[in-house]
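The values are calculated or read from the model by the stated rules, or taken from the named source; none is laboratory data. Nothing here was measured: the structure is a model prediction, and the numbers come from that model. Neighbour counts are summed over all protein chains in view; Cβ atoms, including those assigned to glycine, are modelled from backbone coordinates with ideal geometry. Just the protein is used for accessible areas: all its heavy atoms, side chains included, with ligands, DNA and RNA removed. Shrake-Rupley method; radii C 1.70, N 1.55, O 1.52, S 1.80 Å.
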Amino acid sequence: MASTGTRILQLLSLLQNRRYWPGDELAARLEVSARTLRRDIDRLRLLGYPVEARRGVDGGYQLAAGGALPPLVVDNEEAVALAVGLQAAVQAGSVAGIEESSVRALSKIIQLLPPGLRRQVDALAAMTVPGVVGGDAPSVDSGVLTSIAQACRDCERLRFAYTARDGAPTDRHVDPHRLVLLGRRWYLVAWDLERFDWRTFRLDRLDRPLGTGAHFPPRALPNDDAAQFVRQGIDNLPKRHAIEARVQAPSSVVIERIGRWSTVEDLGDGRCMVRITSESLDWAMMALSATEAEFEVLAPLEFLGHLAARAERFGRALGGNGRA
């Protein structure tokens with residue numbers, strides 16, 4: 001059996017790494033009796049750690065939030081991970097309001113690291129270049145991030161306001177699963193209780209997350225890797241095309257025919273510029289056809305290729321009707 005001091009540190013580490021431990025399981029991990037475990041819990045309480053106990057058949061222990069932050073116990077790998085993570089937080093700036101606190105925490109950790117671990121952190125910092133994926137991304141409030149992270153950890157249902165991709169405001173009720181950071185953008189993977197399916201939510205579009213106090217049994221994600229699940233969802237999103245065409249017709253005529261689905265700019269001399277944003281190139285083609293006027297496509301190149309392919313198909317249809 002380990003010494004009392006070593007065992008107390010191991011117990012503290014276990015309580016910090018998991019929300020709730022059944023008493024039998026915790027005693028088995030420490031290889032002690034239930035009576036010894038109760039004494040060790042009492043020792044932690046005397047040191048100022050607020051350990052809560054639950055009685056009964058499913059009784060156990062959990063580390064509660066206290067009035068002051070007690071010392072944390074981390075191993076060597078966790079210390080290096082903390083330092084590297086804080087450096088990334090300082091460099092990325094994807095979470096609003098944590099840059100200064102990250103610098104303060106990083107300086108404290110670096111000061112206490114043994115020389116060997118400090119060299120590991122320095123090597124990672126020197127050999128790592130922070131990259132930006134997709135340009136600037138909106139930052140996320142740190143309070144929103146931590147609230148959702150705690151709900152994921154505690155399996156607590158969430159309600160929040162969400163702005164959909166098309167700009168429509170919605171209210172969501174979910175079982176949160178994991179937070180995912182891709183590039184500089186945060187996502188929440190959750191089971192939507194009203195749509196009965198897995199959904200991915202961008203945190204910069206999410207507002208006023210509120211824990212309901214109701215807990216749920218964890219669900220298995222279709223893809224074991226939450227980050228891969230988010231990537232697949234992004235890859236499957238319909239692509240929005242920005243079409244620009246110069247139409248040989250007065251703007252008043254074009255507005256009357258397709259003005260509800262496009263932006264029309266008068267160019268004078270009976271011409272106008274038409275801009276259409278659509279997820280379907282076929283729909284943009286039909287809209288321009290509805291002008292019943294000659295037009296010249298200016299952008300994008302893929303739309304020109306799409307028109308050429310459709311023209312070839314219609315040409316084959318005309319050629320097969322027996323006409324010379």
Note to self: Per q in 0.15, 0.17 Å⁻¹, report the Debye log10 I(q)/I(0) for the range 163-275, using one uniform scatterer on each alpha carbon and no solvent.
What the structure shows: -0.75, -0.85
Checklist line | Label-point separation, residue 164 to residue 196 (7 Å along Cα→Cβ), nm | finding: 1.9
Check: Got a number for carbon plus sulfur as a percent of the range 169-324's accessible area, 1.4 Å probe?
Finding: 51
Next item on the list: Return the loop-located trypsin sites (Lys or Arg not before Pro) in the range 251-324 (DSSP other than H, G, I, E, B) with at most 15 other Cβ atoms within 10 Å of their own Cβ; answer none if there are none.
Entry: 323
